[in-house]
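Please read the structure below before turning to the comments.
Throughout, read-outs are computed from the coordinates displayed, never taken from laboratory work. Remember, predicted model here, so these are calculated numbers, not experimental data. Neighbour counts are summed over all protein chains in view; Cβ atoms, including those assigned to glycine, are modelled from backbone coordinates with ideal geometry.
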Amino acid sequence: MENLVKRLNVLQNSLIQADITKLIQLPEIIVVGEQSSGKSSVLQSIIEREILPKGQGIVTRCPIRIRMQKSKEDREYAYFEHLGKKEFTLDEVSEIIKKRTEELTEIDYVTDTEITIDLFGPNMTNLTLVDLPGIVSIASEGQPEDIVQKIEKIVSQRIKSNHVLILAITPASNDSSNSKSVPMAKQADPEGLRTLGVFTKLDRIEKGCNPLEMMEKISTYFKLGYVGVVCRDQSDIISGKTFEDQFKKEAKFFSDNDEFKQNFEIFGIPALRNNLENEFRKQLEKTLPIISKEVDDQIKEVDDELVVIGNGIPQGYYLHAYSYTAFNDIFLQIETLMDGSGVTLLSDELVGGSLFRQLIIDFHRAIKLVKASLDIQEEKFLLYILNSGGIEGSCKIPNGLIKQLVSKNLEHLKKPIFEFLNKCVENIVKFIRGLKCGLFNQYKKINTLFIMKFEDILEKAKEKIEKKIRFLIELEGRYIDPDMNFSDFKLVSYIEEKDNKKKVLIDDDASKGYDDLTTQVIKYYSKARESLDENVPK
């Protein structure tokens, strides 16, 4: 068992260093329990050392993997995975855990990032225990609103593997049927084949309650059995009672109690420790061959991928030639798809150049559907003519008015133009993402990086094109050819005041000016639209 645990710890270290712990789950015992269920007290009683921080609320805010190993040396010491091979006394462990927890939870209140501790000593039990944050029902003051869901997610993720054992802590002093640790264990282990139950606080059961009946209500689920324990309370710790003192007190409690002494072998921390050692050994013997096969299968998958990848990218001088050839192949594929020479009979939709040609055709149709409208009342038109003519009057439509009306109509063209631009960009991205070439098939990260860089460049190009389009639209509305202003009419108008209201009276010749304005606006607009229709796709 000792040698087996040593090999397991070496393998665990290798997985941590390679950052693949989530790919291969090794056997371990996951400790699950509600906040204040006595979970930490049980752990420390198994270890027989006070190594866990104390405090109010949720103290354990990240998984703590405790790897215990019996050593031949007549001393106790600890290593922390994040601190390398630096040796610590067991008295220092609690403070280091507290400090590391604060570092890991600086952003999130709880985290799945774990702390790994190796404990060595002549009296250590060869076990690997993982302490998880205590399950809570509601968020307390100062805790995030989603704390319940976050902790349950951490617990469910940790206990779902068939390779791990679940140590479900339930306080017997409460109604055990309301325990949250057992339902969570059932979700991951419906038949209870890898779950061991622990009932705590048996010395606090109310008088008149039968503790055995209470435990047996749910103990049928625990196929690995259950153990009842009595751990040190705060008064014991303050009075200086050692773990050895507590074990004696615990043994006396069970032997003096008629309800417990008939089943003495399933009560007490020593019984729990023995059960854990036996079940952990069985789990190692059962799962290590399975894990070995899983590793072999994953190695084969990687080997197959390496065959596909090939010999890798050359270095030095040859890298430039290789890069040039690879990207030349990409742009050659783009060129052949755009000119149609790379299309095959397998295509079941428009691709490459034909797709963009269809987008241009659709744009021509869309922009021609946007007609000009004068959007000015005849009376206001005539007032504008009168006011702009001043004392000398005017017989022509002012260019400024034509500019305003043409520019206003050109604004309506922005919608089909920018829709066309967006469709072009979307299809270019789709086009690039669909490229099939040796380099991209061989190196997925290069493919992803190429697409990211291309989309970044495309987005910047799109912004420049949008500015150019706005400039073109503005330009078309700025200049009015004076030779096209053919309107020449005599404006005869009178201002009649009646009932304190002024009204412009116009003759037939003045009405002709309004019709001329409509004609000129439509002509200027049509010419500008034709220019945009031709130049925007370019």
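Only one residue of LEU224, VAL93, LEU43 has its Cα farthest out toward the positive end of the dipole of region 27-288, where Lys and Arg carry +1 and Asp and Glu -1 on Cβ, and that residue is LEU224. Across region 27-288, C-alpha contacts under 8 Å between residues 6 or more apart give a mean separation that, scaled by the residue count, equals a relative contact order of 23 percent. Relative to one another, the C-alpha centroids of region 137-152 and region 234-282 are positioned 33 Å apart.
Dividing the mean sequence gap of close Cα pairs (under 8 Å, 6+ apart) by how many residues region 109-217 holds gives a relative contact order of 23 percent. A DSSP coil position with no more than 11 other Cβ atoms inside 10 Å describes the following trypsin sites (Lys or Arg not before Pro) in region 194-285: LYS207.
Starting from the Cα gyration tensor of region 27-288, take the square roots of the eigenvalues, sort them a ≥ b ≥ c, and report rounded, prolate or oblate (rounded when a/c is under 1.5, otherwise prolate if a/b is larger than b/c, else oblate).
Rounded, because the longest to shortest axis ratio a/c is under 1.5.
Among the trypsin sites (Lys or Arg not before Pro) in region 44-118, those placed in a DSSP loop whose Cβ has at most 13 other Cβ atoms within 10 Å are LYS54, LYS72, ARG75, LYS85, LYS86. Pairs exceeding a 26 Å alpha-carbon distance, out of LYS261/LYS282; LYS207/LYS249; LYS39/LYS207; LYS444/LYS538; LYS39/LYS248; LYS150/LYS249: LYS261/LYS282; LYS444/LYS538; LYS150/LYS249. Our estimate of slack between SER531 and LYS468, defined as 0.36 nm per intervening residue step minus the Cα-Cα distance, is 21.3 nm.
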